Amino acid sequence: MLTFFIDSQATMLITGSRGSGKTSLMGALMLEILQNSRIIIQEDTLELSADYMKKIGFNVQRLKTRSPIGTSENDNELAPEEALRTALRLGDSALIIGEVRSKEARTLYEAMRVGAAGNIVMGTIHGDSAYSVWDRIVNDLEVPTTSFKATDIVVVARPIRFRGSLQRHRRVVQVTEVKKHWNHDPSEEGGLLDLMSYDAAKDSLYLMEDNLKESDLFGRISNISGLGIEKIWKTIRMNADSKAYLVDMKNEFKVPQLLEAESTVVANNKLVLLKEDQLEEFGSVDYDEVMGKWKNWVRNSLVKRVKGRGA
């Protein structure tokens, strides 16, 4: 589902406490951006793997910013809000904010609200729920509520201790849509719609199907893309099937390298190209046929290539 939101150019914030895995999740989501996009990363602590992404074929530019809590000033480091203005002048792109902390939030949301912040906007922010993200951005960082509604999705990460164990496991526990038709408090006015929620007993996310009927986002994506709701879900299921199939092939052939970014990005590119070929030839996508061709290519080409590299 998150891959679909990225492909649909939704705006996403990843939230969680320290050690919840939000930066790791952001790094994984960045690999779902198509390689024909320019990716601009703005961060004060260099945590996202820009150099590795360049190595495997992504067009990545990094803007190192001055920490809002630091006292020294480095000539090579820009203030966060100035770096953001520089990023916005670079034109259409995927904009990644390593962490939304301070005054740059207002600049970011002003740009998002008027559609000047690039095709894809993602960032991380400290919090423990979608509501806490709204509270921090609006009440602490002084972004107007009307601007905050430029956020489409909030993803909540949390360290989970199963059955009281001391060991912590990083999990996505909530995927929440920010609806657009409310004015003051999203909790009181139904402005936050949970799309997926975590079940600790089963250690899995489950889809909140009844809530989907109230979603504004899926309807908006449908109107913009021309995809009906049925085809949207076929696309999401195809994304899920492709990820699961790579895991199956990794287990069957004992090639853990198949799940490294160098391989998964190539696999995702192939899937996108097969879909594009069908659209150009037939004007629509036969999802079963695309998946059949893609699985055959993974098994007979990609797996062999990866095994050869490992040898």
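The values are calculated or read from the model by the stated rules, or taken from the named source; none is laboratory data. These numbers were taken from a predicted model, which means no experiment stands behind them. Here the Cβ positions follow ideal geometry from the backbone for every residue, glycine too, while neighbour counts run over all protein chains shown.
Tabulated data
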read-out	value
Positions within region 171-227 being among the β-branched types (Val, Ile, Thr), in contact with a Gly (Cβ under 9 Å, 6 or more places away or on another chain) and more than 24 Å from residue 19 (Cα to Cα), in sequence order	178
Scan of region 5-25 for residues that are surrounded by fewer than 24 Cβ atoms within 10 Å (Cβ to Cβ) and not in a loop (DSSP other than H, G, I, E, B), ordered by number	6, 7, 11, 12, 23, 24, 25
Qualifying residue in region 237-250 (condition: over 28 Å from residue 59 (Cα atoms) and in contact with a Lys or Arg (Cβ under 7 Å, 6 or more places away or on another chain))	yes
Contacts under 6 angstrom Cβ, first residue in region 211-240 being surrounded by 14 or more Cβ atoms within 10 Å (Cβ to Cβ), partner part of a loop (DSSP other than H, G, I, E, B), 6 or more apart	216/179; 216/180; 217/152; 221/8; 236/1
Any hit, region 157-169, residues being in contact with a Gly (Cβ under 6 Å, 6 or more places away or on another chain), among the aliphatic types (A, V, I, L, M) and either assigned to a loop (DSSP other than H, G, I, E, B) or under 29 Å from residue 24 (Cβ atoms) (or both)	yes
Candidates 255, 172, 178 - the one that is surrounded by 15 or more Cβ atoms within 10 Å (Cβ to Cβ), more than 16 Å from the chain's Cα centre (by Cα), at pLDDT 95 or above and among the β-branched types (Val, Ile, Thr)	255
Residue in region 28-46 that is in a helix (DSSP H, G or I), under 16 Å from the mean Cα position of the chain (by Cα) and surrounded by 18 or more Cβ atoms within 10 Å (Cβ to Cβ) present	yes
